[in-house]
Amino acid sequence: MEALMRKKVFICSPFRGDMEGNARKAAAYCRMACEQGFLPVAPHLLFPQFLNEGIEEERRLGIAMGMELLALCDEVWVFGEATEGMAAEIAHATAQGKKIIFRETEGM
């Protein structure tokens, strides 16, 4: 099977608060990106599997690792109203000159 070089998109969407509902939405955003031929990167779906969001040190570690992944992405897709964590991701992406696209969440 031939390896594809898909454009990597960082999925920037809310997580805190309704973590279960927000994770479902993030998964839907990832699926949409995948169906459009992109490789979605959503650290907030991965890291909570082994880091505890309720422990500040682990939360900071997850955010830091997410920023490392963001650096590897071609674009940042922003969904929903920006939270504090999302604002930090957007600022980091802006500083790196990443293309940032604000996507609609209606119907998702």
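The values are calculated or read from the model by the stated rules, or taken from the named source; none is laboratory data. If you're wondering where the values come from, they're calculated on a predicted model, not measured in any experiment. Side chains are part of the model used for accessible areas, which takes the heavy atoms of the whole protein and leaves out ligands, DNA and RNA. Shrake-Rupley method; radii C 1.70, N 1.55, O 1.52, S 1.80 Å.
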* Quick one: with all protein chains in place, what share of the accessible area of the chain is carbon or sulfur, to the nearest percent (1.4 Å probe)? -> 55
* Pick the calculated P(r) over Cα pairs in 10 Å bins from 0, in percent for this structure from (i) 14, 46, 32, 8, 1; (ii) 14, 37, 33, 14, 2; (iii) 15, 50, 30, 5, 0? -> (iii)
* Structure fact -> Regression test value, accessible area per residue of the chain, probe 1.4 Å, units Å², expected 63
* Asked: Normalised by the number of residues in region 45-108, what is the relative contact order in percent for Cα pairs under 8 Å and 6+ residues apart?
  -> 30
